[in-house]
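**Student:** This is the structure I want to talk about, given as structure tokens.
The values are calculated or read from the model by the stated rules, or taken from the named source; none is laboratory data. This is a predicted model, so every value here is computed, not measured. FYI the Cβ positions are ideal-geometry reconstructions off the backbone, even for glycines, and counts take in every protein chain you see. SASA here: full protein model, heavy atoms, side chains in, ligands and nucleic acids out. Shrake-Rupley method; radii C 1.70, N 1.55, O 1.52, S 1.80 Å.
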Amino acid sequence: MPQHSLKDYWITETLRLREAHWGPIEDATLLHQIRHSQEPVSDKIIQRAVLMAKRDGLAATIDKWRGNARLAFWAMALLAMLTGIGMAASALGTAHVNLLLALVALLGLHAITYLFWLLSFLAPYHGGTLLGQAWLWLGKKLARGPDATLAPQAFINILNQNNGLRWLLSAISHGIWVVIMATGIITLLALLAARQYTFGWETTILPASSFVSITQGIGFLPHLLGFSIPSADIIQQSSGLQTAGPASQAIWSSWLIGAVMVYGLLLRLASLLLCLWKTRQAIHQIQIDETLPAYAGLVDRLSAHSEHIGVDAPAPALQTARRNTHPARAPAGSPLVVGLELSPRAPWPPFTLPATVHDQGKLESREQRYQLLAHMSRQTVPALLIVCDAAQTPDRGTLHFIADLSNLAAHTDIYLQNSPGKAENRLPLWKERLQQAGFGLEQLHETQKTLPPWIQAN
Amino acid sequence: MTMEPNKILHLAVVGHTNTGKTSLLRTLTHDTGFGEIADFPGTTRHVEGARLFLNGQAAVELFDTPGLEDGIALLDYLDQLKAQTRQDSSRFDGPESIQQFLDTPESRQRFEQEARVLRKLLECDAGLYVIDIRDPVLAKHRDELAILSRCGRPLVPILNFMHSSPNYLADWKESLSRLGLHLSIEFDTVAPALDGEEQLYQKLALVLDSHAATLKALSEDIHRQRKLRRDIAYNMIAELLIDVAAFRHTCAGDEESIKSATALLQDVIRQREQESIQALLTHYRFRQEDYPDQTLPIEGGRWGMDLFQPQALMEMGIQVSKGFVAGAMAGAAVDVMSAGLSLGTATLIGGVIGSVWQGVDKFGKRILGKLQGYREITLDDAIIRLLGIRSLQLLNALEMRGHADQRPIMLNTETVTGQFKEGDLPEEILEARTLPQWSKMSEHFETGARRNAAIKSLARKLR
């Protein structure tokens, strides 16, 4: 099975939307290329969409939207850089820096949005992260034309299939935050390198010892990466308006940068990688659902079940048997009754026959037919009654035989027995065919009453 | 599974005239347009072929042949030919005698139809001998079978019209056994069993050993296709229900406007049902053109009955709520101030929140409309139930229908049970109620992943 790219699915979904909104698109020539391949229907649906997109320029529209989306991302990244610079600058706005306030300025918003992101996993998914949605919205606003609005909608739809959209929007959001944090840290470094700061903490109600534990708790993880933790002494010395020596300031700045690096940048970076991995996974699992009503018509047309081959030769005209109207010889002997192709279950005789009539019984086999024909060839019968089953089909062979028999009789009557229990009644058909064979309507009987007098038993 | 390429199985469909050979072809090809069907002999007077595909590759070629009509006379003629060439009869086998017949002028005169059948059967791998079991076993049938067996090809009897009675099934089976044809296939071309086609190919595989792999694969493929067709059909019905449940029409608050808006709603819903019926017919490969005498191949009081007549609901046994209005306003529920929020279960709120991102402005407009005294007209629950029941019945009827069936589709109301008759409406429908953009008929129609998911889970409940 060929592996399809995200773009293939995207194109397919865009076309599905387009056809759902504006009706089916002409595809007869494309179908010929696809119909007889051995791939599963879902692959054929994608193939059709890709071919069509190439033909109608939809691929270009999607590429354009992709360009727009990228542009939107960079625009947001630019904003993020400004935010990062602003954030760091405001955190180090004064020469004496309140450590806790600086930390809140650097990490506060980030912590809150990150917490929201985590909480979003508890609720059923409906939207996405705010930043991610802003990106989608921006991408849409940059697009122009009816197809252009379908492209992002299709993108959302296919990614939503395996929760991929959540991971992608999260990745966008984390990506933006990584930019903010990175520029923030660079700005911090630049400011710390270029200006003289003093660090301290202030409190009105908290005991000093709590600052020692808070500071050392925050510093623990960065310390593992080599950032320094101020000792208890330095922390004590940095309270209120006292200031420790320049060496302590360097330790404090290392602590601050370490905290932003670990809790800000690295956390977002790790989340970004996780989200990217999950997005990739979701994209790999995207499938075309051929049972969707939107594909109902397509499935049928894409998987040929049968086709006509054509006919061997034109059909000949309908053949009809013809009887000769004038028997050659003078009649002799007694009148005759015969049952032709009657059901073995049908009673015989169908009604009481007069003693003067010769009862030939039900004709079954070929041999019986020969005997009768031989008998009738010896002497022309004065009158003949043929009993037929009107429920059966009057085929050519039967009509031929009836015509053959009637040629050997002076008068022929045909009784079309109509079995009442049967669903099929082909009486009109019998009449039509017998008339074509040269019999008059007066020779055909549906009921016993109209039969000629010689057969009526008294 | 190995399948040699280009090894296509050729099957000739033979039999007495008017036994349903063309019908068999229609049903096996799922093509209502194949050949011509009528209740008289000699409707088909030429050989017409159709190709069946397996995964896009030709697997089986079926040939519809003219009916045999003159078997007794033809057997006589064959015997006559045989007698005249008695001198080298030691090397004279069945197929050769048939070949000899095909070279005679009679094969282009009186026996032209029969000659076409025999010529085709000689070219094919096997013959399917179609029998109308309503016909008694007569001498002409036995003679026909004798002629066909001289072609030296395996013959598989297909017993057609299995559902009719009285019939001569036992007689036929006994006669076929005497001729050495012990395996026959029961297949009603007009109303085939649900898995009739699959079984037909499986049984054929027993007889035609050399093509067993192809036939088994074909049988499995047909099973798969049938399941897929069914799944799609349920999704189509679910989409219909979502579409009508989500549909809303806004109008001014006075009675005149509400009346005209209701009329519009009724038209929209009626049209949507027609569209859905058409789609289902097409999906099951029944075509409108094949039923020239009817506006739709669906008949009977219940179907002819308008959706918005209270009687239509009663016939289906649907409980009508107290609020249901008859007459010009039938089937419309007028929603005054709720904007769908009055339905307020957790899922609904979820649905509304879900819609917020994609339609904040639209939702806002709706709220504004409410405040300005506008009304929203939606479809009454009872009509949704009726639509659900009707559609499921149509699906049932289509599944059971052969492509040779000429009668209009009839529906059976006795079998109506389940969720749509009584019980709560599925929650997907309730969710759709709050999301007008889910309706295809809405001008703000949006078909997203959430709508698709709702269609699929609703379809699962319909099964």
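**Student:** Among the residues in the stretch B:136-150, are any within 30 Å of B:Glu96 (Cα to Cα), surrounded by 23 or more Cβ atoms within 10 Å (Cβ to Cβ) and within 28 Å of the chain's Cα centre (by Cα)?
**Tutor:** Within the stretch B:136-150 (the criterion being within 30 Å of B:Glu96 (Cα to Cα), surrounded by 23 or more Cβ atoms within 10 Å (Cβ to Cβ) and within 28 Å of the chain's Cα centre (by Cα)), the answer is no, since none of the residues qualifies.
**Student:** Restricting to the stretch A:149-192, name every residue that is in contact with a Lys or Arg (Cβ under 7 Å, 6 or more places away or on another chain) and open to solvent by 10 Å² or more (accessible area, probe 1.4 Å). Spell out how you get there, then give the answer.
**Tutor:** Quick first cut of the stretch A:149-192, residues in contact with a Lys or Arg (Cβ under 7 Å, 6 or more places away or on another chain) only: A:149-150, A:152, A:167, A:174, A:177-178, A:181.
Listed by number, the residues that qualify are A:Thr149, A:Leu150, A:Trp167, A:Trp177, A:Val178.
**Student:** All but one of (1) under 20 Å from B:Ala191 (Cα atoms); (2) in contact (Cβ under 8 Å) with a residue 24 or more places away in the chain; (3) of a type outside the set (A, V, I, L, M) hold for B:Asp39; which doesn't?
**Tutor:** For B:Asp39, the exception is condition (2).
**Student:** Taking only the stretch A:405-419 into account, find how many residues are in contact with a Lys or Arg (Cβ under 8 Å, 6 or more places away or on another chain) and open to solvent by 20 Å² or more (accessible area, probe 1.4 Å).
**Tutor:** Number satisfying all stated conditions: 1.
**Student:** Restricting attention to the stretch B:21-30, which residues are within 11 Å of chain A (Cβ to nearest Cβ) and either more than 14 Å from B:Gln406 (Cβ to Cβ) or not in a helix (DSSP H, G or I) (or both)?
**Tutor:** B:Leu25, B:Leu28, B:Thr29, B:His30
**Student:** Keeping to the stretch A:393-429, report how many residues are in contact with a helix residue (DSSP H, G or I) (Cβ under 8 Å, 6 or more places away or on another chain) and modelled with pLDDT under 85.
**Tutor:** 1
**Student:** Cβ-Cβ under 9 Å, sequence separation 6+ or interchain: first residue in the stretch B:169-185 and open to solvent by less than 50 Å² (accessible area, probe 1.4 Å), partner part of a loop (DSSP other than H, G, I, E, B) and of a type in the set (Gly, Ala, Ser). Which pairs?
**Tutor:** Going by the 9 Å Cβ cut-off, the qualifying pairs are B:Trp172/B:Ser184; B:Leu176/B:Ser184.
**Student:** What is the number of the single condition among (1) out of contact with any helix residue (DSSP H, G or I) (no Cβ under 6 Å at 6 or more places or on another chain); (2) buried (at least 18 other Cβ atoms within 10 Å of the Cβ); (3) modelled with pLDDT of 85 or more that A:Pro335 does not meet?
**Tutor:** So the condition that A:Pro335 fails would be (1).
**Student:** Name the residues in the stretch B:101-135 that are closer than 26 Å to A:Leu363 by Cβ, within 10 Å of another protein chain (Cβ to nearest Cβ) and within 33 Å of the chain's Cα centre (by Cα), would you?
**Tutor:** Answer for the stretch B:101-135, where residues must be closer than 26 Å to A:Leu363 by Cβ, within 10 Å of another protein chain (Cβ to nearest Cβ) and within 33 Å of the chain's Cα centre (by Cα): B:Gln113, B:Glu114, B:Asp132, B:Arg134, B:Asp135.
**Student:** Let me spell it out: the conditions are (1) among the basic types (Lys, Arg); (2) part of a helix (DSSP H, G or I); (3) modelled with pLDDT of 80 or more, and B:Arg285 meets all of them except one. Which number is the exception?
**Tutor:** (2)
**Student:** So, in the stretch A:204-228, of the ones that are open to solvent by less than 50 Å² (accessible area, probe 1.4 Å) and part of a loop (DSSP other than H, G, I, E, B), which residue ends up farthest from A:Val262 (Cα to Cα)? Write out each step before concluding.
**Tutor:** Within the stretch A:204-228, the first condition is being open to solvent by less than 50 Å² (accessible area, probe 1.4 Å), and the residues that meet it are A:208, A:210-212, A:215, A:217-219, A:222, A:227-228.
Going one step further and asking which of them are part of a loop (DSSP other than H, G, I, E, B), we end up with A:227-228.
Details: A:Phe227: 10, A:Ser228: 13 Å.
Result: A:Ser228.
**Student:** Within the stretch A:94-110, can you find the residues that are open to solvent by 50 Å² or more (accessible area, probe 1.4 Å) and free of Cβ contacts under 8 Å to residues at least 24 places away in the same chain?
**Tutor:** A:Thr94, A:Leu101, A:Val104, A:Leu109, listed by residue number.
Matching residues to (1) of a type in the set (Asp, Glu); (2) free of Cβ contacts under 8 Å to residues at least 60 places away in the same chain:
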| position | (1), (2) |
| --- | --- |
| B:Leu52 | no, no |
| B:Asn55 | no, no |
| B:Val60 | no, no |
| B:Tyr77 | no, yes |
| B:Leu81 | no, yes |
| B:Thr85 | no, yes |
| B:Asp103 | yes, yes |
| B:Glu112 | yes, yes |
| B:Glu123 | yes, no |
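**Student:** While we're looking at this one, here's another question. How many residues, within the stretch B:194-210, are in a helix (DSSP H, G or I) and open to solvent by less than 60 Å² (accessible area, probe 1.4 Å)? Don't jump to the end; show me each part of the working.
**Tutor:** Residues of the stretch B:194-210 that are in a helix (DSSP H, G or I), as a first pass: B:196-207, B:209-210.
Subsequent filtering for residues that are open to solvent by less than 60 Å² (accessible area, probe 1.4 Å) retains B:196-198, B:200-201, B:204-205, B:207.
Number satisfying all stated conditions: 8.
**Student:** A follow-up question, please. Starting from residues that are under 30 Å from B:Arg108 (Cα atoms) and open to solvent by 10 Å² or more (accessible area, probe 1.4 Å), keep the ones in the stretch B:42-57 and report whichever is farthest from the other protein chains (Cβ to nearest Cβ).
**Tutor:** Filtering the stretch B:42-57 for residues under 30 Å from B:Arg108 (Cα atoms) gives B:42-51.
Applying the additional criterion that residues be open to solvent by 10 Å² or more (accessible area, probe 1.4 Å) yields B:43-46, B:48, B:51.
Values: B:Thr43: 10, B:Thr44: 8, B:Arg45: 4, B:His46: 4, B:Glu48: 5, B:Arg51: 5 Å.
Residue satisfying both the conditions and the ranking: B:Thr43.
**Student:** From B:Val60, B:Val14, grab the single residue that is farther than 18 Å from B:Ala205 by Cβ, more than 8 Å from every other protein chain (Cβ to nearest Cβ) and assigned to a strand (DSSP E or B).
**Tutor:** On the way: B:Val60 fails: farther than 18 Å from B:Ala205 by Cβ.
That would be B:Val14, the only listed residue that is farther than 18 Å from B:Ala205 by Cβ, more than 8 Å from every other protein chain (Cβ to nearest Cβ) and assigned to a strand (DSSP E or B).
**Student:** Taking the stretch A:301-322, which residues are more than 7 Å from chain B (Cβ to nearest Cβ), among the charged types (D, E, K, R) and either crowded, with 20+ Cβ neighbours inside 10 Å or not in a loop (DSSP other than H, G, I, E, B) (or both)?
**Tutor:** A:Arg301
**Student:** From the list B:Ala213, B:Ala233, exactly one residue is open to solvent by less than 60 Å² (accessible area, probe 1.4 Å), in contact with a helix residue (DSSP H, G or I) (Cβ under 9 Å, 6 or more places away or on another chain) and closer than 21 Å to B:Leu52 by Cβ. Which is it? Give the steps one after another, and end with the answer.
**Tutor:** Values: B:Ala233 fails: closer than 21 Å to B:Leu52 by Cβ.
Answer to the selection: B:Ala213.
**Student:** Among the residues of the stretch A:238-261, is any open to solvent by 20 Å² or more (accessible area, probe 1.4 Å) and among the aromatic types (Phe, Trp, Tyr)?
**Tutor:** No.
Conditions (1) modelled with pLDDT under 85; (2) in contact with a His (Cβ under 7 Å, 6 or more places away or on another chain); (3) under 22 Å from B:Tyr129 (Cα atoms), marked per residue:
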| site | (1), (2), (3) |
| --- | --- |
| B:Val60 | no, no, yes |
| B:Pro66 | no, yes, yes |
| B:Glu69 | no, no, yes |
| B:Leu74 | no, no, yes |
| B:Gln80 | no, no, no |
| B:Arg91 | yes, no, no |
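**Student:** A:Tyr295 - would you say it is of a type in the set (Ser, Thr, Tyr) and either surrounded by fewer than 16 Cβ atoms within 10 Å (Cβ to Cβ) or under 24 Å from A:Met87 (Cβ atoms) (or both)?
**Tutor:** Numbers: of a type in the set (Ser, Thr, Tyr): yes; either surrounded by fewer than 16 Cβ atoms within 10 Å (Cβ to Cβ) or under 24 Å from A:Met87 (Cβ atoms) (or both): no.
No.
**Student:** Only one of (1) modelled with pLDDT under 90; (2) not in a loop (DSSP other than H, G, I, E, B) is not met by B:Ser175, so which one is it?
**Tutor:** The one condition B:Ser175 does not meet is (1).
**Student:** Would you be able to tell me the number of residues in the stretch B:241-261 that are assigned to a helix (DSSP H, G or I) and closer than 24 Å to B:Glu431 by Cβ? Give the steps one after another, and end with the answer.
**Tutor:** Initial filter on the stretch B:241-261 (assigned to a helix (DSSP H, G or I)): B:241-246, B:255-261.
When the remaining residues are screened for being closer than 24 Å to B:Glu431 by Cβ, the result is B:241-246, B:261.
The qualifying residues number 7.
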